[in-house]
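One structure below.
The values are calculated or read from the model by the stated rules, or taken from the named source; none is laboratory data. This is a predicted model, so every value here is computed, not measured. Counting neighbours? That spans all protein chains shown, and the Cβs are built from the backbone with ideal geometry, glycine included. These accessible areas exclude ligands, DNA and RNA; they are computed on the full protein's heavy atoms, side chains included. Shrake-Rupley method; radii C 1.70, N 1.55, O 1.52, S 1.80 Å.
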Amino acid sequence: MIKNISVLGSTGSIGTQTLDVARNLGLQVNALSAHSSIELLEEQIREFKPRLAVVFEEAKAKELRLSIADTSTKVLSGMDGLLELSGDDSDLMVNAIVGMVGLAPTLEAINSGKDIAFANKETLVAGGELVMNAVKEHGVKLLPVDSEHSAIFQCLQAAPPSKVIKKILLTASGGPFFGKTADQLKDVTVEQALAHPNWSMGAKITIDSATMMNKGLEIIEAAWLFDTDPDDIEVVVHRESIIHSMIEFTDNSVLAQLGMPDMRIPIQYAITYPERYPSPVAELDWTKLSRMTFYSADDTTFKCLAACKKAMKKGGLYPAVANGANEVANRLFRDRKISFLDIGELVTSAVDNIDVTSAACLDDVLRADKAAREYVYSQI
Ligand code: NDP
Ligand code: MG
């Protein structure tokens with residue numbers, strides 16, 4: 001098993017759960033990072049004694065340098081800091097940052113020959129081709145942390161190497177607004193959208209779950225991770241979030257992975273793969289699982305889902321456009337500048353109206369992302 005890790009985005013929901021897993025497994029933590037949450041980062045530094053801590057915001061990095069002057073942890077800032085963290089000599093990097101700001105660090109980690117436990121889906125949506133080409137070139141592993149992708153990956157361990165998968169059944173909780181009409185969603189508040197029925201997560205992904213953008217991003221993520229045609233990925237709404245996804249073979253046999261909705265299972269599996277170790281996550285209590293329900297997804301009301309499918313069909317940099325538009329629209333909704341339904345309208349309109357080609361390099365992805373962000377700001 002690997003002995004040490006570095007954690008990009010250690011102060012977030014996935015980051016703190018990763019440190020819980022590291023604590024339970026007794027792993028050495030070489031590096032930690034935050035955007036600006038320096039109080040929590042300081043606690044983490046005092047507990048895990050990493051060599052390096054990165055704070056994206058330089059002013060906050062300065063503050064942290066002063067408050068941990070009694071430790072031997074070096075503090076860096078900005079993208080340079082994230083790149084130094086990603087290029088270090090850890091056995092594995094957990095990428096738990098939110099947003100496509102994680103793309104350059106991901107490429108740096110791959111170039112340094114490191115395996116990655118990967119939660120940062122926006123990066124794969126925006127730069128899927130670049131990332132997967134780099135993975136092949138350097139022979140590293142991109143181990144999925146997202147619960148659905150971990151489930152598919154776990155099911156695939158039982159599949160022969162030949163192409164016998166007919167389809168991927170990607171489960172979705174449906175979020176807090178499942179079954180609602182567009183008319184009923186006109187005036188929903190940020191608080192209502194942040195009340196996810198099954199999962200406790202960071203704010204951005206919680207809103208993405210309410211709009212179903214999250215499932216759209218996950219279709220694209222699965223298409224890259226498992227080299228699958230998006231048409232062979234079917235979204236199944238499963239309200240209880242007990243089945244985390246399934247694969248269907250050519251003989252119509254279906255394999256599923258089940259467990260409590262607790263991210264520490266997929267995080268730990270990505271870190272310990274192919275081994276399994278005891279975890280603090282509760283067992284499934286079968287006597288309490290009175291029923292499991294399944295429905296089809298409504299991509300007419302939840303426009304983000306349709307926009308992501310369209311972006312993937314258009315190919316090239318269109319997924320980067322959908323992602324960039326959503327990162328801005330999601331933030332504007334949380335800042336109460338636009339309505340809930342505006343998010344779907346803006347992402348759809350960006351995919352329909354921005355002209356982009358394919359990605360030859362990182363700068364191409366960054367340009368498409370910037371165009372999408374500017375487009376959204378110009379529309380409000
Ligand atoms: P959070 O918002 O809780 O945490 C994000 C982390 O990234 C924090 O450490 C944050 O620092 C840091 N960060 C944010 N913006 C920047 C930036 N511009 N530069 C550098 N660091 C930054 O997110 P989650 O943990 O919920 O999600 C992380 C990723 O995992 C996302 O891609 C999400 O889609 C994916 N994911 C999350 C799941 C979950 O259960 N939470 C489930 C499946 C996937 P700070 O604390 O200082 O803001
Ligand atoms: Mg998921």
From the phi of every residue in region 236-251, what ³J(HN,Hα) in whole Hz does the Karplus formula 6.51 cos²θ - 1.76 cosθ + 1.60 yield, where θ is phi - 60° and glycine or proline is x? 10, 6, 10, 4, 8, 6, 9, 7, 9, 2, 9, 10, 10, 8, 4, 8
When the dipole is taken about the Cα centre of region 207-334, and only Lys, Arg (+1) and Asp, Glu (-1) are charged at their Cβ, what size is it in debye, to the nearest 20? 580 debye
State the Cα centre-to-centre distance between region 87-141 and region 186-229 in whole Å. 21 Å
Quick one: length gained pulling K314 to M292 fully straight, 0.36 nm per residue minus the C-alpha distance? 4.4 nm
Have a look at A306, T181, L170 and report the one farthest towards the positive end of the charge dipole of the chain, computed about the Cα centre with Cβ charges (Lys/Arg +1, Asp/Glu -1). T181
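Charges only on Cβ, +1 for Lys and Arg, -1 for Asp and Glu: so what's the dipole of region 302-343 about the Cα centre, in debye to the nearest 20?
On the way: 9 positive and 3 negative charges, 28 e Å.
That gives a dipole near 140 debye.
Using a 1.4 angstrom probe on the protein heavy atoms only, line up Y377, Y273, Y318 by accessible area, largest first.
Values: Y377 125, Y273 65, Y318 20 Å².
Most to least solvent-accessible, the answer reads Y377, Y273, Y318.
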The simple spin-label model distance between E283 and D355, using points 7 Å out along Cα→Cβ, in nm, is 6.3 nm
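Would you please classify the overall shape of region 298-377 from the alpha carbon gyration tensor, given that a ≥ b ≥ c denote the square roots of the eigenvalues, rounded means a/c under 1.5, and beyond that prolate means a/b larger than b/c while oblate covers the rest?
Working: a/c = 2.55, a/b = 1.38, b/c = 1.86.
Oblate, because a/c is 1.5 or more while a/b does not exceed b/c.
Can you give me the accessible area per residue for region 1-130, using a 1.4 Å probe, in Å²? Intermediate results must be reported in sequence, preceding the final value.
On the way: 4830 Å² over 130 residues.
On a per-residue basis, region 1-130 sits at 37 Å².
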Rounded to a whole %, the carbon-and-sulfur portion of the accessible area of region 190-316 at a 1.4 Å probe is 51 percent
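Carbon and sulfur atoms: what percent of the 1.4 Å accessible area of region 1-136 do they account for?
Using a 1.4 Å probe with all protein chains present, region 1-136 comes out at 51 percent carbon and sulfur.
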Describe numerically, in nm with one decimal, the distance between label points set 7 Å from Cα along Cα→Cβ at E39 and at M1. 3.3 nm
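Mind checking the dipole of region 23-162: about its Cα centre, +1 per Lys or Arg Cβ, -1 per Asp or Glu Cβ, Debye to the nearest 20?
On the way: 12 positive and 20 negative charges, 46 e Å.
Charge dipole, region 23-162, about its Cα centre: 220 debye, nearest 20.
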Among C155, C304, C361, which one shows the highest mean-square fluctuation when the chain is modelled as a Gaussian network with alpha-carbon springs under 10 Å? C361
Just want the answer: with Cβ charges of +1 for Lys and Arg and -1 for Asp and Glu, which residue in L41, L85, H138 is farthest toward the dipole's positive end in the chain? L41
So for the chain, using the alpha carbon gyration tensor with a ≥ b ≥ c as root eigenvalues (a/c under 1.5 gives rounded; past that, a/b versus b/c decides prolate or oblate), I'd call it rounded
Each label sits 7 Å from Cα toward the beta-carbon; between S162 and Y377 the label points are separated, in nm, by 5.4 nm
Looking at the chain as a GNM with Cα springs under 10 Å, which of F56, F294, F177 has the largest mean-square fluctuation? F294
Show that you can apply the helix-only estimate: for the chain, add -39,500 (n - 2.57) for every DSSP H stretch of four or more residues, divide by all residues, and state [θ] at 222 nm to the nearest 500. -14500 deg cm²/dmol
When DSSP beta bridges are limited to those with both residues in the chain, what percentage is antiparallel, rounded to the nearest 5? 30 percent
